[in-house]
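A quick write-up on the structure given underneath.
The values are calculated or read from the model by the stated rules, or taken from the named source; none is laboratory data. Predicted model, so just to flag it, every value in this text is computed and none were measured. Here the Cβ is made from the backbone with ideal geometry for all residues, glycine too, and neighbour counts use every protein chain on show. We work out accessible area using only protein heavy atoms, side chains counted, and drop any ligands, DNA or RNA first. Shrake-Rupley method; radii C 1.70, N 1.55, O 1.52, S 1.80 Å.
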Amino acid sequence: MKNNKKKLNDIYCNLEKHFGDLGWWPAENNFEVIVGAILVQNASWDNVTKVIAKLKKQGVLTPSKIMGMKHSSLAKIIKPVGFFKIKSERLKNTIKFFYEENSIQDLAKFDFEKLRKKILMVKGIGPETADSILVYVMKKP
C-alpha cells in the first residue's frame, strides 16, 4: 500500500512538473475555492459562477463579511445553487473552521491523512469537497 502511494505521488509530481498549473479550479484566491467547493455540491458550475460574481458585486466575498451576514440574507444571495438554507449554514461552518479556528498555513502542515480527517469533521464537508480543498487550497497531491 505504501509503495502504491509513493508511485502515485511520483506520477502526480511528474505530471505537475511537466504540465504546470492547468487552472482546473477557476478562482482568484483560496477563499474563493473554498466557497466554490461548498456551493458546487449538487449544483451546476454555471450557477456557482453566477453566485460568486454576485457575492463579489455586493462586496461580501470575504470570510468576515459572510460570517457577519444573517443566514437568511446569505441564503437569498446563494439561492441559484439550490439547497441555499443548508449551504448557508455549511458555508459558515467551513469559514469558521478555516478562518476562525485554524489558519490555512497551519493546517497545511498536517500530513495528508490527518488533514483530510480533520476537514471531514466539518459539518457539511464530504469526501469530494475535502479532496477539492486539499488539492486546490492546501496544494496536497
Only unsatisfied item for residue 82, checking (1) more than 19 Å from residue 134 (Cα to Cα); (2) without any contact (Cβ under 8 Å) to a residue 24 or more places away in the chain, is (2)
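Scan the range 50-59 residue by residue and report those that are open to solvent by 20 Å² or more (accessible area, probe 1.4 Å) and either among the aliphatic types (A, V, I, L, M) or within 16 Å of the chain's Cα centre (by Cα) (or both). Don't jump to the end; show me each part of the working.
If we filter the range 50-59 for residues that are open to solvent by 20 Å² or more (accessible area, probe 1.4 Å), which is where we start, we get 50, 53-54, 56-59.
Answer for the range 50-59, where residues must be open to solvent by 20 Å² or more (accessible area, probe 1.4 Å) and either among the aliphatic types (A, V, I, L, M) or within 16 Å of the chain's Cα centre (by Cα) (or both): just 53.
Residues that are within 11 Å of the chain's Cα centre (by Cα): list the helices (runs of 4 or more DSSP H) wholly contained in the range 76-141 that include at least 2 such residues. Even if it seems obvious, please write down each step before you answer.
Values: elements: 84-95, 104-107, 112-120, 127-136.
Passing ranges, in order: 84-95, 127-136.
The rows are residues; the columns are (1) closer than 29 Å to residue 9 by Cβ; (2) open to solvent by less than 10 Å² (accessible area, probe 1.4 Å).
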residue: 34; (1), (2): yes, yes
residue: 65; (1), (2): no, no
residue: 69; (1), (2): no, no
residue: 110; (1), (2): yes, no
residue: 113; (1), (2): yes, no
Within the range 132-141, can you find the residues that are open to solvent by 30 Å² or more (accessible area, probe 1.4 Å) and at pLDDT 95 or above?
none
